[in-house]
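The values are calculated or read from the model by the stated rules, or taken from the named source; none is laboratory data. Keep in mind that what you see is a predicted model, and the values were worked out from it rather than measured. Cβ coordinates were reconstructed from backbone atoms using ideal geometry, including for glycine residues, and neighbour counts include every protein chain displayed.
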Amino acid sequence: MFCRDMNSYGRLSYLKLLDASIGLMHLFFNCSIRENLTVTEAALSLSDPMIVVVGLRRSIRNGTRTVDILKGLDFSIPRGQFAAIMGSSGSGKSTLLGLLAGLDTPSAGNVHLNGTAISYLPEDKLAQVRGRTIGFVFQSYQLIPTLTALENVLLPHELNADAKDGKAGLARARELLTSVGLGDRMDHYPVQLSGGEQQRVALARAFILRPPIVLADEPTGNLDTTNGAHVLELLLNLNRMEGTTLVLVTHDPVLASYANRRIVLRDGVILSDEMSANPEDGLVGGTVGAAGGMGHSVIVGGGGER
Ligand SMILES: Nc1ncnc2c1ncn2[C@@H]1O[C@H](COP(=O)(O)OP(=O)(O)O)[C@@H](O)[C@H]1O
Ligand SMILES: [Mg+2]
């Protein structure tokens with residue numbers, strides 16, 4: 001079930017992936033990194049962006065050979081922006097997203113999330129930062145098969161040491177599931193749900209702790225066109241309602257056309273980085289499809305790699 005993402009994140013353990021997706025340990029972590037910033041990092045952080053990437057490199061040793069997957073990326077993403085990371089298969093998109101989520105350690109450089117440099121934190125502290133900062137949506141959903149839809153959505157809340165109010169968590173989980181159209185499927189197990197429904201459960205799970213950042217790796221990649229469009233619309237609606245910063249990995253230009261910004265990777269470098277021609281587009285503009293008034297009438301899903 002997890003094969004596709006396990007390929008993309010082959011060097012990562014499933015538990016680490018799960019940790020990012022469900023937001024384990026929502027403890028407060030008080031770590032000021034600002035006194036250790038380099039000049040570049042300090043300059044980048046002045047505008048208080050939500051994500052700052054500085055000199056990010058990732059190389060992998062493959063036998064006697066070193067493969068340079070990411071070759072030194074620098075960019076920042078402001079609070080509330082919807083950025084699409086694009087590029088053909090193998091360009092480094094999933095590797096970048098794994099580094100943004102702190103699921104992987106760079107060979108050089110650093111990632112700052114909401115003012116905290118995360119790349120070299122010890123695992124327990126990283127888990128705390130991930131838990132309170134990131135919601136993750138995977139191409140292959142990654143729901144726990146032995147838990148119902150409601151229990152899957154609730155899980156991050158249950159594991160969150162800060163979230164003591166069980167009733168409030170339950171109410172939010174129900175509200176989120178209802179908002180993604182699954183009000184009558186809460187007690188269903190993943191196996192009893194279609195792919196589109198499973199991904200909607202995963203969306204609700206990603207948002208339950210109100211993370212400031214949501215990262216999504218080809219979230220419509222396993223879905224047909226109609227379900228893909230529906231999931232994207234729900235993702236954008238949730239994102240707009242919650243005011244999160246959204247980074248969406250896709251190689252589908254139609255999906256990316258809904259973003260405020262498009263960063264294109266090729267062979268581990270940034271080929272282009274462009275803002276949307278129409279700033280009304282993206283999550284601030286409306287809903288996906290004909291009803292949204294965004295100038296787009298069709299969304300094509302199925303942007304995944306096959
Ligand atoms: N663990 C690994 N070992 C060797 N090469 C890897 C590993 N993980 C990824 N790669 C390679 O790095 C490149 C980028 O991979 P990835 O980030 O998954 O690309 P994308 O998501 O854009 O398709 C690919 O050429 C891939 O084969
Ligand atoms: Mg990928």
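Considering only segment 148-156, I want to know if a residue exists there that is of a type outside the set (A, V, I, L, M, F, W, C), crowded, with 22+ Cβ neighbours inside 10 Å and at pLDDT below 95. I'd like the intermediate steps shown before the answer.
So in segment 148-156, the residues of a type outside the set (A, V, I, L, M, F, W, C) come out as 148, 151-152, 156.
Now restrict to residues that are crowded, with 22+ Cβ neighbours inside 10 Å: 152, 156.
Checking which are at pLDDT below 95 leaves us with 156.
There is at least one residue in segment 148-156 that is of a type outside the set (A, V, I, L, M, F, W, C), crowded, with 22+ Cβ neighbours inside 10 Å and at pLDDT below 95.
Got a sec? Which of Glu218, Glu197 is touching a residue at least 12 places away in the same chain (Cβ under 8 Å) and within 28 Å of Pro78 (Cβ to Cβ)? Give the steps one after another, and end with the answer.
On the way: Glu197 fails: within 28 Å of Pro78 (Cβ to Cβ).
When all the criteria are applied, what remains is Glu218.
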- Query: Can you name the residue in segment 79-107 that is away from ligand 1 (no atom under 16 Å from the Cβ) and not charged (D, E, K, R) and, of all such residues, is nearest to Thr250 (Cα to Cα)?
  - Reply: Phe82
- Message: So the check is Cβ under 6 Å with 6+ separation or different chains; which pairs have a first residue in segment 89-105 that's more than 12 Å from Leu70 (Cβ to Cβ) and a second one that's near ligand 1 (Cβ under 10 Å from one of its atoms) and at pLDDT below 95?
- Response: Ser89/Glu305; Leu103/Leu12
- Task: Take segment 53-89 and flag every residue that is more than 16 Å from ligand 2 (Cβ to nearest atom) and among the β-branched types (Val, Ile, Thr).
- Result: Val53, Val54, Thr64, Thr66, Ile77
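Any residue at all in segment 278-290 that is under 22 Å from Leu96 (Cβ atoms), away from ligand 2 (no atom under 16 Å from the Cβ) and modelled with pLDDT under 50?
Yes.
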- Query: Given Leu182, Leu193, Leu223, Leu176, which one is among the hydrophobic types (A, V, I, L, M, F, W, C), in contact with a Gly (Cβ under 7 Å, 6 or more places away or on another chain) and away from ligand 1 (no atom under 16 Å from the Cβ)?
  - Reply: Leu223
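Taking Met50 as the residue in question, decide whether it is modelled with pLDDT of 95 or more and within 16 Å of ligand 2 (Cβ to nearest atom). Write out each step before concluding.
Working: modelled with pLDDT of 95 or more: yes; within 16 Å of ligand 2 (Cβ to nearest atom): no.
Spelling it out, it is not the case that Met50 is modelled with pLDDT of 95 or more and within 16 Å of ligand 2 (Cβ to nearest atom).
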- Within the bounds of segment 121-138, is there any residue that is over 24 Å from His251 (Cβ atoms), surrounded by fewer than 22 Cβ atoms within 10 Å (Cβ to Cβ), modelled with pLDDT of 95 or more and of a type in the set (A, V, I, L, M)? yes
